[in-house]
Amino acid sequence: MAAGDARTKPAAERVQRPQARTLERREAVLKAAMKVFGARGYNKGALVEVAEEAGMTHAGVLHHFGSKEGLLVAMLKYRDGEEVNGVPARAQTEGPAFLQHLVDTVEENTHRRGVVQAYSVLSGEAVTDGHPAHDYFHDRLHILRDKIAGVFGEVTGNTDDVALHDAASTLIAVMDGLQVQWLLEPEGVEMPRLVGTVIDELIARLEAGR
């Protein structure tokens, strides 16, 4: 293509292409951070390792995310499907379909060991004082517990707020605990089936307690 041809392209096209490349780089960094932090934890995982994994410089990572702490929180939000630094959000499931969505997500996670590993390692680290992801995991737990409790209420007709939140806490504990077992012994833990079974049992209990 002649040099002059580039100048004849619509302005929107000339702007969109650099933007698309920027988002691709950011997403590459987020995926690299998931791999590095998942394998080494937040404290031992170095930004230079993330940069090398993403195929860019340490300064390039900082340019996109500002700091190691900023990258960590962005990576966790990306894992949850939220919009991050211009990287588009994934569609969120609401209502009764959310329970099946949880089972489907567990099934997907059996093919994404690095994602499960990153979550398990970082959630464990986040209980320590001053960890930069503490607030993220605290807020995520609160939001997820409320959402699951609301769906359980909608599905079962149970209006006992304590019972609904107890059921939600139980389901979250089962899912998180199974992830650790699966990471240690993947052939011995069938996560999707077990999560589905627990959901069915919790629903039956809540329906009986209406």
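Net length available on complete extension from Ile203 to Leu184 is 3.9 nm, with 0.36 nm assigned per residue and the Cα-Cα distance removed. Taking Cα atoms only, the orientation of helix 161-184 departs from the longest principal axis of the chain by about 60 degrees. Using alpha carbons only, the radius of gyration of the chain set against its Kirkwood radius gives Rg/Rh = 1.07. Computed on the Cα trace of the range 75-141, the radius of gyration divided by the Kirkwood hydrodynamic radius gives Rg/Rh = 0.99. By how many degrees, between 0 and 90 and to the nearest 10, does the Cα long axis of helix 191-208 differ from the longest principal axis of the chain? The two axes meet at around 40 degrees.
Extending 7 Å from Cα along the Cβ direction at Leu62 and again at Arg193 yields two label points whose distance is 5.1 nm.
Starting from the Cα gyration tensor of the range 38-80, take the square roots of the eigenvalues, sort them a ≥ b ≥ c, and report rounded, prolate or oblate (rounded when a/c is under 1.5, otherwise prolate if a/b is larger than b/c, else oblate). Judged from the Cα gyration tensor, the range 38-80 comes out oblate (a/c at least 1.5, b/c at or above a/b). A 1.4 Å probe run over the protein chains yields, for the chain, 56 Å² of accessible area per residue, whole-number rounding.
Our coupling estimate for the range 67-76, obtained by passing each phi through the Karplus curve with A = 6.51, B = -1.76, C = 1.60 and θ = phi - 60°, is 7, 5, 4, x, 5, 4, 5, 4, 4, 5 Hz, Gly and Pro reported as x. Which residues among the range 156-183 fall inside the zone where the amide N is under 13 Å from a point 7 Å beyond the Cα of Arg210, along Cα→Cβ? It comes to 156-160, nothing else. Accessible area per residue was computed with a 1.4 Å probe on protein heavy atoms; Glu27 scores about 60 Å². Of the solvent-accessible surface of the chain, computed with a 1.4 Å probe over protein heavy atoms with every protein chain present, carbon and sulfur atoms account for 53 percent.
With the convex hull constructed from alpha-carbon coordinates only, the range 89-194 shows a mean projected area of 7.5 nm² over all directions. Segment Thr110..Leu23, full-extension length gain: 28.6 nm, with 0.36 nm per residue of separation and the alpha-carbon distance subtracted.
The values are calculated or read from the model by the stated rules, or taken from the named source; none is laboratory data. Quantities reported herein were computed from a predicted structural model and do not represent experimental measurements. Cβ sites come from the backbone with ideal geometry, for glycine too, and all protein chains shown count toward neighbours. Side chains are part of the model used for accessible areas, which takes the heavy atoms of the whole protein and leaves out ligands, DNA and RNA. Shrake-Rupley method; radii C 1.70, N 1.55, O 1.52, S 1.80 Å.
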